[in-house]
Structures are given as C-alpha cells and as structure tokens.
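Read the structure below first, then the notes.
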Amino acid sequence: MRGAARFRFRPVVETDLPRIMEIEAAGFLHPWSEALLRAELGHAWSIQRAAVAAGPDAGDRILGYVIFWLVHDEVHVLNVGTDPEARRRGVARALMEEAAAIGRGKGARLSTLEVRRSNAPAIALYRSLGYQEVGVRPRYYAEEDEDAIVMTLEFDSR
Ligand SMILES: CC(C)(COP(=O)(O)OP(=O)(O)OC[C@H]1O[C@@H](n2cnc3c(N)ncnc32)[C@H](O)[C@@H]1OP(=O)(O)O)[C@@H](O)C(=O)NCCC(=O)NCCS
C-alpha cells in the first residue's frame with residue numbers, strides 16, 4: 001500500500017508541540033526547543049505537516065512530522081522525524097512526498113536540505129526519493145565538528 005493511503009497528513013497545531021518534542025528528543029542529538037517549534041508555526045514561509053495513521057480507529061497520534069520552508073521556488077526541508085516505534089513503515093517517505101507535493105502545488109521547482117554526514121538512515125531516505133548530493137558545508141554542525149551534506153531534488157527532472 002502506498003504511504004499516502006496508510007497515513008493522513010494534517011497541519012501541526014500548538015497543542016501538538018509536546019508530542020513533536022517527544023519525537024524530536026528521541027531522534028536528535030540537539031532537539032529543537034518548544035520555543036523554536038512554536039516560532040515555526042508563526043512564520044508565513046514555514047509549513048509543517050504531521051502524519052497520523054489513517055482509518056476510522058486509528059486515532060490522532062502523530063507518527064512523524066516534517067517542517068519545511070517555501071521560499072520563492074524552493075522547498076527547504078528543515079526537519080523530518082518519525083517516532084522510533086513507527087520507523088521503516090514509510091512515514092518519513094510519505095511526509096517528504098507530501099512536502100514536495102505541497103511545494104510543487106505552490107510553484108516550487110526544487111527541494112534542498114542539509115543532513116549530517118553520519119546520518120545514514122536520513123541520507124538513504126533522501127537518496128531513495130531522488131535527492132542528489134551537491135555539496136558539503138564543512139563543520140556545519142560545529143559542536144560535533146561534523147560536516148553537512150547538501151542535497152537537492154529538482155522537481156522538473158522527475
Ligand atoms: C531518518 C528517519 C526520518 C526515517 O524515518 P522512517 O519513517 O523510518 O523512514 P521510512 O520508513 O519512510 O523509510 C524510507 C526509506 O528511507 C531509507 N531508510 C530509512 N531508515 C533507514 C535506516 N535506518 N537504514 C537504512 N535506510 C533507511 C530506506 O531506503 C527506506 O525505504 P525501505 O524501508 O523501503 O528500505 C528516521 O530514522 C528518524 O526520525 N531519524 C531521526 C531524525 C532524523 O535524523 N531526521 C532526518 C534529519 S532532519
């Protein structure tokens with residue numbers, strides 16, 4: 001079954017922030033703060049989507065989320081995360097596809113993101129979606145002295 005059929009997407013609202021922070025804390029060395037997440041909800045250029053399981057008995061528990069900016073003709077993915085218990089079920093793939101669909105619908109031509117060099121699962125996810133590695137930002141994650149890989153996906157090419 002395709003991701004879009006197994007999950008539904010909805011905007012993130014303020015009352016979701018504790019749940020989003022839970023997933024952040026489980027997935028990131030430096031999770032976003034609640035203040036930072038709340039600020040995203042207020043930016044006109046920032047779009048957030050939560051994935052929840054589809055179906056009448058599925059409830060509304062967030063399995064994952066994506067946060068991206070839409071600036072000019074570019075989607076810039078800031079953050080995507082899946083609850084550890086819901087991983088490898090296509091949640092992040094579906095969220096990334098949803099972000100791309102929203103961006104394309106609003107005229108975006110490409111998507112860009114940065115990812116830690118060591119984040120093999122995320123790099124595998126982005127590659128599987130067609131993203132290509134186009135550059136490196138040396139020591140972008142200064143605290144760990146770690147490079148960022150810059151990846152892009154041109155929507156027109158697919
Ligand atoms: C990276 C992350 C978002 C993937 O979420 P997910 O919902 O488990 O991903 P999906 O199930 O949609 O996986 C889609 C594809 O990505 C790749 N992938 C995902 N996790 C992987 C892993 N642990 N190892 C190798 N490939 C992986 C695979 O190609 C996978 O397809 P497959 O399952 O058919 O092989 C998740 O591991 C996570 O939340 N990590 C912590 C936060 C993070 O690093 N976010 C990204 C940086 S912003």
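The values are calculated or read from the model by the stated rules, or taken from the named source; none is laboratory data. Remember, it's a predicted structure, so these values are computed and weren't measured experimentally. Glycine also receives a Cβ, built like all others from the backbone with ideal geometry; neighbour counts cover every protein chain displayed. Surface accessibility is based on the protein's heavy atoms, side chains included, excluding ligands, DNA and RNA. Shrake-Rupley method; radii C 1.70, N 1.55, O 1.52, S 1.80 Å.
So here's what we get for this one:
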read-out	value
Debye, to nearest 20: dipole size of the range 3-157, +1 on Lys, Arg Cβ, -1 on Asp, Glu Cβ	500 debye
Kyte-Doolittle mean at least -0.5 and Cα axial length at least 20 Å: DSSP H helices in the chain	91-105
Loop-resident sites, the range 1-48, for trypsin sites (Lys or Arg not before Pro), counting at most 16 other Cβ within 10 Å (DSSP)	2
Percent accessible area from carbon and sulfur atoms, the chain, protein chains only, probe 1.4 Å	51 percent
Computed Kirkwood radius, in angstrom, where 1/r is averaged over Cα pairs of the range 3-157	15.9 Å
Solvent exposure of the range 3-157 as accessible area per residue, Å², 1.4 Å probe	53 Å²
In sequence order, calculated HN-Hα J values of the range 67-75 (Karplus, 6.51, -1.76, 1.60; Hz; x Gly/Pro)	10, 9, 9, 10, 10, 6, 9, 10, 8
